[in-house]
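What follows is one structure encoded as structure tokens, with my remarks underneath.
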Amino acid sequence: MEHFRYVDKVVTIELDASVCVGCGFCSQVCPHAVFAIRKGKAVFMDRDACIECGACVRNCPVEALTVTPGVGCASLMIKRWLHEKGIPLRLGNGCC
Ligand code: SF4
Ligand code: SF4
């Protein structure tokens, strides 16, 4: 499932560049290369690639990042993957 992405423009990751100190921890820990450091500040390189894992938020020393954990979107990704594999989904919990 390495190539799965969220639906575009629904991710909740936010960056407050005004408090970013440019340490680069977010870009080091992000598994999807969402960030780069430009001119001493973090910038989004591919915001829609975020999987809302929270690793960048946990490692930011100045709370410049926020994200809402993406349980719903993770479910959507799994559902799509099962559909592509022809595996019936039987969660029965009303989840997306
Ligand atoms: S929440 Fe995870 S995937 Fe999203 S930007 Fe942060 S480290 Fe990357
Ligand atoms: S971890 Fe926080 S302070 Fe460091 S570069 Fe990323 S957003 Fe900026």
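Restricted to segment 35-45, and to residues that are more than 10 Å from ligand 2 (Cβ to nearest atom) and in contact with a Phe, Trp or Tyr (Cβ under 9 Å, 6 or more places away or on another chain), which residue is nearest to A17 (Cα to Cα)?
So, considering only residues that are more than 10 Å from ligand 2 (Cβ to nearest atom) and in contact with a Phe, Trp or Tyr (Cβ under 9 Å, 6 or more places away or on another chain), the one nearest to A17 (Cα to Cα) is F44.
One line per residue, one yes/no per condition, for (1) loosely packed, with under 14 Cβ neighbours inside 10 Å; (2) modelled with pLDDT of 80 or more; (3) assigned to a helix (DSSP H, G or I):
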position	(1), (2), (3)
R58	yes, yes, yes
P61	yes, yes, no
C73	no, no, yes
W81	yes, no, yes
E84	yes, no, yes
L89	yes, no, no
C95	yes, no, no
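How many residues, within segment 16-34, are in contact with a helix residue (DSSP H, G or I) (Cβ under 8 Å, 6 or more places away or on another chain) and within 6 Å of ligand 2 (Cβ to nearest atom)?
2
The values are calculated or read from the model by the stated rules, or taken from the named source; none is laboratory data. Since this is a predicted model, take the numbers as computed values, not measurements. Positions of Cβ are generated from backbone atoms using ideal geometry, with glycine treated the same way; all protein chains shown enter the neighbour counts.
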